[in-house]
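K.L.:
This is the structure, below, for whatever I ask next.
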Amino acid sequence: MRTSRLFRQLAWRGLRANRDVFMPYLAALTLVVALFNMLASLVDNAYVRSNGASLVTLLGLGAVVIGLFSAAFVTYARRFLDGRRVRELAVYSVLGLEKRQIALVLLWETLWVAGAALLGGLVLAALFGNLAFMALNALMRLPVQLGYVFSWPVTLITVGLFGGLSLLLWAWQVARLSLSTPVGQLTAQRAGER
């Protein structure tokens, strides 16, 4: 129980100490989650579904493309973020934490960042989804008003996609950590600063 609390505290301190790089990452991840959720909600809209299979296919393809580009963007941003924190992880090793313990610290960080981004993105999608659908109604001048409807299946897809991506990136980070040494991490950080 105490060690779990220690790992949570180390994770929280790491997030606070690196907030200058974590906050833009968190904001970008939140916006990507909101954008994906709004587009997927449009695909799941009853009026859109009743208006033709080609529109549903086109919007579904758009959601897939947004999902793929979002995954690539989030992966690149996370790898950049990890590169900035190599020295911190090396110090954890030098201070006596084992690699599995460092992995637990990184897991807590990942869970907090992913949870905040998912919660913020879903709230943002709910707030701005209505505005986006009103703009779409004004633009298309449809006889029936499209409305943003909260959908559990879309929410579960969004949480599954971005939660799974966050855990996959954590696993990648742990794999890289397991293959490195503290001295190698410190020299890699210095080589990156040149």
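Throughout, read-outs are computed from the coordinates displayed, never taken from laboratory work. Source: prediction; values computed, not measured. Here the Cβ positions follow ideal geometry from the backbone for every residue, glycine too, while neighbour counts run over all protein chains shown.
K.L.:
³J(HN,Hα) across segment 162-169 via Karplus (A = 6.51, B = -1.76, C = 1.60, θ = phi - 60°), whole Hz, x for Gly/Pro?
P.N.:
For segment 162-169, the Karplus-derived couplings read 7, x, x, 5, 5, 5, 5, 5 Hz, x marking Gly and Pro.
K.L.:
Then there is this: log10 I(q)/I(0), Debye, Cα-only the chain, no solvent, q = 0.09, 0.13 Å⁻¹?
P.N.:
-0.43, -0.74
K.L.:
What is the sum of charges, Lys and Arg at +1 and Asp and Glu at -1, for the other residues whose Cβ falls under 12 Å from the Cβ of Y25?
P.N.:
After counting each charged neighbour, the total is +2.
K.L.:
What is the dipole size for the chain, taken about its Cα centre, with +1 at each Lys and Arg Cβ and -1 at each Asp and Glu Cβ, in debye to the nearest 20?
P.N.:
620
K.L.:
Hey, another quick one. Which listed residue (L136, F22, L59) has the Cα farthest towards the positive end of the charge dipole for the chain, taking +1 on Lys and Arg C-beta and -1 on Asp and Glu C-beta about the Cα centre?
P.N.:
F22
K.L.:
In addition: Determine ³J(HN,Hα), in whole Hz, for all residues of segment 59-73 in sequence, where each value follows from phi through the Karplus function 6.51 cos²θ - 1.76 cosθ + 1.60 and θ = phi - 60°; x replaces Gly and Pro.
P.N.:
Once θ is set to phi - 60°, the couplings for segment 59-73 become 5, x, 5, x, 5, 5, 5, 4, x, 5, 5, 5, 4, 5, 5 Hz.
K.L.:
Now, a different point. From the residues L39, G121, Q9, which one has its Cα farthest along the dipole of the chain in the positive direction, the dipole being from +1 and -1 charges on Cβ of Lys/Arg and Asp/Glu about the Cα centre?
P.N.:
The one lying farthest along the dipole's positive direction is Q9.
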